[in-house]
Amino acid sequence: MSNTLHKAERLNRKKVIEKMFAGGSRSFSLFPLRVVYLPVEELETPVSILVSVSKRRFKRAVKRNRVKRLVREAYRLNKSLLLETVQQRGIRLAVAFIYLSDRLADMSLIDERMKTALSRIAEDLPCPAVSAPADDAGGAPC
């Protein structure tokens, strides 16, 4: 699996973004990130992401862009944790990462929280509508 982040993997559809923040989406916080995600069918890629950094937290665009780069890089390096699960279950997912802190965090902290966030999303994803019968050996429900 390639460790790239293509343009198609970035969430830029206004309708989908509005739907994510209007309600019906799931969210949780892992400081300094807040993660909002929603299964959506009208996306081209299995997972599309949005990274947001508030102008209220970082006045200068240089710092906002730096934080966005760090978050995107952490996602790019760890996206396989989520991608495998999404592809197995046959769903498409829109994910937004919102940076909450007013200080620039180390890459190691952002990377650690990104791993935790992606694995948590993967655990919480709904099972496909048509599923194979579960093994009697105590396998996973999906």
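Values for this structure:
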| item | result |
| --- | --- |
| Filtered residues of the stretch 85-103 (kept if within 22 Å of Glu44 (Cβ to Cβ) and either β-branched (Val, Ile, Thr) or in contact (Cβ under 8 Å) with a residue 60 or more places away in the chain (or both)) | Thr85, Val86, Ile91, Ala94, Val95, Ala96, Phe97 |
| Out of Arg26, Arg89, sole residue that is surrounded by 12 or more Cβ atoms within 10 Å (Cβ to Cβ) and in contact with a Cys (Cβ under 8 Å, 6 or more places away or on another chain) | Arg89 |
| The listed residue being touching a Leu at 6+ places or on another chain (Cβ under 9 Å), surrounded by fewer than 16 Cβ atoms within 10 Å (Cβ to Cβ), aromatic (Phe, Trp, Tyr) and under 28 Å from Ser108 (Cβ atoms), out of Phe31, Phe97, Phe58 | Phe31 |
| Test set (1) crowded, with 18+ Cβ neighbours inside 10 Å; (2) modelled with pLDDT under 90; (3) of a type in the set (Ser, Thr, Tyr) - Tyr37 fails condition number | (2) |
| Close pairs from the stretch 104-122: first closer than 11 Å to Leu70 by Cα and in a helix (DSSP H, G or I), partner hydroxyl-bearing (Ser, Thr, Tyr) and at pLDDT below 95, Cβ under 7 Å, at least 6 apart | none |
| Pair list, Cβ < 6 Å and 6+ apart or interchain, from the stretch 2-13 residues that are free of Cβ contacts under 8 Å to residues at least 12 places away in the same chain and under 10 Å from Thr45 (Cα atoms) to residues that are surrounded by fewer than 10 Cβ atoms within 10 Å (Cβ to Cβ) and of a type outside the set (Lys, Arg) | none |
| Scan of the stretch 44-80 for residues that are assigned to a loop (DSSP other than H, G, I, E, B) and farther than 18 Å from Thr4 by Cα, ordered by number | Ser54, Lys55, Arg56, Arg57, Phe58, Lys59, Arg60 |
| Members of the stretch 22-59 found to be more than 20 Å from Ala122 (Cα to Cα), hydrophobic (A, V, I, L, M, F, W, C) and either in contact (Cβ under 8 Å) with a residue 12 or more places away in the chain or touching a Ser or Thr at 6+ places or on another chain (Cβ under 6 Å) (or both), listed by number | Val53, Phe58 |
| Hits in the stretch 2-26 - residues which are of a type outside the set (Ser, Thr, Tyr), part of a loop (DSSP other than H, G, I, E, B) and within 15 Å of Pro39 (Cα to Cα) | Leu11, Arg13, Gly23, Gly24 |
| Criterion (of a type outside the set (S, T, N, Q) and surrounded by fewer than 16 Cβ atoms within 10 Å (Cβ to Cβ)) met by exactly one of Leu11, Leu5 | Leu5 |
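The values are calculated or read from the model by the stated rules, or taken from the named source; none is laboratory data. All figures in this text were calculated on a predicted structure; none of them were measured in a lab. Methodologically, a virtual Cβ is constructed for each residue, glycine included, from the backbone with ideal geometry; neighbour enumeration extends over all protein chains shown.
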